[in-house]
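The block underneath contains the structure these notes are about, expressed in structure tokens.
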Amino acid sequence: MGLRDGFERVLTEYPIASQEVFTQHTLANFIRGGLRDAVAIAAGKDERLLFKGSAGQGNWARGPWVAVFDKLVTASAQSGYYPVYLFREDMTGLYLSLNQGMTEAKKLYKSDAKTALKSRAANYRAMLGKEISGYPEISIDLRPSDPTNDTAFYEAGNICAKFYALGNLPNEVQLSRDLTNMVQLYDVLFKGETNSEVSNTTIEGDEPPEMAYEDATRFRMHKRIERNAGLAKAVKKHHGYCCQVCNTNFEALYGVIGKEYIEAHHLKPLASLKGKKVAMDPAMDFAVLCANCHRMIHRSGFVDDINQFKKEHYRG
């Protein structure tokens with residue numbers, strides 16, 4: 001089943017299904033599985049992307065969704081920003097929206113969460129500029145039946161969107177094109193945010209001196225890859241907890257507070273970060289280093305070669 005048929009199925013069946021028992025309902029399973037997979041196929045293969053669908057947790061959601069997460073930005077709908085298909089509560093249509101995680105905003109801003117989401121959305125639109133022209137809906141109407149519903153918060157979090165009405169859904173080619181363009185827009189925003197970090201963040205001690213702006217941008221992207229919690233955990237599980245340069249083991253040195261402490265290092269030179277696809281295999285594309293060796297390897301010319309770095313620079 002493709003996108004068009006999948007969207008039509010949800011829009012037509014959800015009103016009745018949401019009055020039935022939620023647990024193991026075929027439509028809820030379809031949103032979490034079949035529709036999610038259709039979105040993944042249409043978006044194109046990229047190991048940075050995760051795809052999730054939800055019809056609710058324990059009970060039917062007022063508005064189901066299917067989202068695309070870049071693992072370097074977020075791995076869940078609770079935080080960050082991401083493209084998402086949002087269905088209206090009355091099932092008269094759905095939006096393809098570049099939106100924001102509301103759970104994080106609710107925790108941070110309490111009763112001002114909607115104001116904060118709208119403010120951040122405006123900032124993201126300013127960063128994207130004319131790039132959002134293909135997604136003209138700045139304000140979206142999810143028909144929330146109550147201002148406290150999640151749908152109302154998604155309205156506030158919308159950055160830009162495109163609406164599809166039940167009975168007038170585009171063909172499969174157009175839906176797929178809209179999605180791939182939105183994924184590209186997502187990447188533009190991610191890179192723009194990385195550029196902003198380079199402009200506004202104090203240079204860290206491991207940043208090579210006199211670095212050109214473009215390289216500094218890639219360097220910060222490199223650091224975001226290394227600090228991704230899910231990737232770092234997988235890297236440490238595979239490589240262990242001893243520095244691959246100096247053999248430091250923090251638990252041996254500091255006891256229980258050093259247990260399972262080590263840093264993940266991405267073994268790709270800055271030049272390889274020009275494109276959207278970034279190799280992120282925990283076994284092949286990463287090493288584990290202590291904090292000192294990690295800082296030093298970033299200042300060397302051997303970011304991608306542990307053995308050569310050790311030969312040229314390590315004096316232990």
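No lab work stands behind these numbers, since they all come straight from the coordinates. Computed from a predicted structure; not experimentally measured. Every residue, glycine as well, gets a Cβ built from its backbone with ideal geometry; the counts of neighbours run over all protein chains shown.
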Among 111, 119, 176, residue whose mean-square fluctuation peaks in a GNM of the chain (springs only between Cα atoms under 10 Å): 111
Would you give the gap between the C-alpha center of segment 286-316 and the C-alpha center of segment 27-46, rounded to a whole Å? 41
The chain: most fluctuating residue of 285, 37, 187 per GNM, C-alpha cutoff 10 Å: 285
One finds, for residue 238 and residue 305 with R0 = 22 angstrom and r their Cβ-Cβ distance, a FRET efficiency to the nearest 0.05 of 0.70
Vicinal HN-Hα couplings computed from phi for segment 158-168 (Karplus, 6.51 cos²θ - 1.76 cosθ + 1.60; Hz; Gly/Pro x): 5, 8, 7, 7, 9, 9, 10, 8, 4, x, 9
Rounded to one decimal in Å, the inverse mean reciprocal Cα-Cα distance for segment 74-196, i.e. its Kirkwood radius, is 14.7
Which of 59, 123, 158 ends up with the largest GNM mean-square fluctuation for the chain, with Cα atoms connected below 10 Å? 59
What is the angle, in °, between the Cα long axis of helix 172-200 and the longest principal axis of the Cα atoms in the chain? Nearest 10 is fine, range 0 to 90. 40
Given the rule -39500 (n - 2.57) for each run of at least 4 DSSP H residues, summed and divided by the residues of the chain, what is its mean residue ellipticity at 222 nm, to the nearest 500 deg cm²/dmol? -13500 deg cm²/dmol
If one compares the long axis through the Cα atoms of helix 229-239 with the longest principal axis of the Cα atoms of the chain, the angle in degrees, nearest 10, works out at 40
For residue 13 and residue 78, extending 7 Å from Cα along the Cα-Cβ vector and measuring point to point gives, in nm, a value of 2.9
Can you work out the FRET efficiency for the pair residue 257 and residue 115, with r the C-beta to C-beta distance and R0 = 41 Å, to the nearest 0.05? 0.50
What residues qualify as long-range amide H neighbours of residue 61, i.e. H under 5 Å apart, gap of 5 or more or another chain, H built at 1.01 Å from N? 56
Relative compactness, the chain, computed as alpha-carbon Rg over 2.2 N^0.38 Å: 1.13
For residue 286, list long-range residues whose amide hydrogen, built 1.01 Å from N in the peptide plane, is under 5 Å from its own amide hydrogen. 267
Sum up the charges of everything whose Cβ sits under 15 Å from the Cβ of residue 153, counting Lys and Arg as +1 and Asp and Glu as -1, but leave residue 153 out. +2
Rounded to whole Hz, the Karplus (6.51, -1.76, 1.60) HN-Hα couplings of segment 142-153, x for glycine and proline: 8, 6, x, 7, 8, x, 8, 5, 4, 4, 5, 6
